[in-house]
Amino acid sequence: MSAKPKLYVLPGSHPCAAVEAALNLKDIAFDRVDLLPMSQMLIGPLRYGGTTVPGMRIDGEKVVGSRTIMRRLDECRPDPPLLPPPGDPRYVRVLEAERWGDEALQSAPRRIIWVAFLRRPQAMASYIGDARLPIPRALMGPAMPMTAKLTAFKNHARDATARADIAALPGQLDRVDGWIADGLIAGDAPNAADLQIGSTIRLLLSIGDVRPLIEDRPAVKLTKWFPPMVGEVPAGVLPVEWMPTAA
């Protein structure tokens, strides 16, 4: 890389956090560009070639999506690697766990949290953290209810989908805990699956009503590769009857 890559993110986004962790792990300096929710639909195609985050520009090349970006980072800086060597029996299994973390698990907290934001829009502000946004934070408050409605619609986040996601969580966490028990993830050094799944676990833990389903699980070990989550949806926002009885 001849220049610092530029990473386009949404504050609080878990796939963006996975890529940031990969960049930090590889000690790659980068510039982060914080976007407002929904603005990636307009800005993304021009800046990095997509309408979702994370997006990245590396020496003028446009790269979209956490898995694609991680493969590109491994090409740019092979050490430490985010995947086992192709001949390693673990190689295919790590790729599959990463894919599952991206395509299956990742959507659950996205739908759950936007349904929570519909009920408590002001909770959105807690996830801004140190983001450098293009408008003053004081002006964001009045727009949060509409932002929650638009983004929930975009992500198909409704009461029924969020309740189904919560009901499915124990089984999904069993799968993650099984991979940990097998030594596939949560080892001494993170692989791509650690980062993909760990960023989602960290976001789920920030939702107060969902946290009891997770906090005593081995899956929490995967959050060690990330700084503490700055945002929180307080307990009591989601209906108690949505929570599995096992909690």
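The values are calculated or read from the model by the stated rules, or taken from the named source; none is laboratory data. All values reported here derive from a predicted model rather than from experimental measurement. Reconstructed Cβ throughout: ideal geometry from the backbone, glycine too, with neighbour counts over all protein chains shown. Heads up: the accessible areas ignore ligands, DNA and RNA and are worked out on the full protein's heavy atoms, side chains in. Shrake-Rupley method; radii C 1.70, N 1.55, O 1.52, S 1.80 Å.
Is the range 111-125 home to any residue that is touching a Ser or Thr at 6+ places or on another chain (Cβ under 6 Å), of a type outside the set (A, V, I, L, M, F, W, C) and within 28 Å of T245 (Cβ to Cβ)?
Of all residues in the range 111-125, those touching a Ser or Thr at 6+ places or on another chain (Cβ under 6 Å) come to 111, 114.
With the extra rule that they be of a type outside the set (A, V, I, L, M, F, W, C), the set shrinks to 111.
Narrowing further to those that are within 28 Å of T245 (Cβ to Cβ): 111.
Looking through the range 111-125, at least one residue is touching a Ser or Thr at 6+ places or on another chain (Cβ under 6 Å), of a type outside the set (A, V, I, L, M, F, W, C) and within 28 Å of T245 (Cβ to Cβ).
If A186 passes every condition in (1) at negative phi; (2) in contact with a helix residue (DSSP H, G or I) (Cβ under 7 Å, 6 or more places away or on another chain); (3) part of a loop (DSSP other than H, G, I, E, B) but one, which one does it miss?
(1)
What residue, of L23, L36, L10, L73, is crowded, with 19+ Cβ neighbours inside 10 Å, out of contact with any Cys (no Cβ under 8 Å at 6 or more places or on another chain) and within 19 Å of D130 (Cα to Cα)?
Values: L36 fails: crowded, with 19+ Cβ neighbours inside 10 Å; L10 fails: out of contact with any Cys (no Cβ under 8 Å at 6 or more places or on another chain); L73 fails: within 19 Å of D130 (Cα to Cα).
Only one candidate qualifies: L23.
With (1) touching an Asp or Glu at 6+ places or on another chain (Cβ under 9 Å); (2) closer than 25 Å to P84 by Cα; (3) hydrophobic (A, V, I, L, M, F, W, C) as the list, and V233 as the residue in question, which single condition is left unmet?
Single failed check for V233: (2).
What are the residues in the range 113-164 that are among the aromatic types (F, W, Y) and open to solvent by 20 Å² or more (accessible area, probe 1.4 Å), if any? Can you show your working first?
Narrowing the range 113-164 to residues among the aromatic types (F, W, Y): 114, 117, 127, 153.
Matches in the range 113-164: W114, F153.
Could you count how many residues in the range 117-163 are over 24 Å from R32 (Cβ atoms), touching a residue at least 60 places away in the same chain (Cβ under 8 Å) and part of a helix (DSSP H, G or I)?
Total satisfying the criteria: 3.
Pairs please, first residue from the range 213-225 and touching a residue at least 40 places away in the same chain (Cβ under 8 Å), second anywhere and open to solvent by 50 Å² or more (accessible area, probe 1.4 Å) and not in a helix (DSSP H, G or I), Cβ atoms under 9 Å, 6+ apart in sequence or on different chains.
Qualifying pairs under 9 Å: L213/A246; L213/A247.
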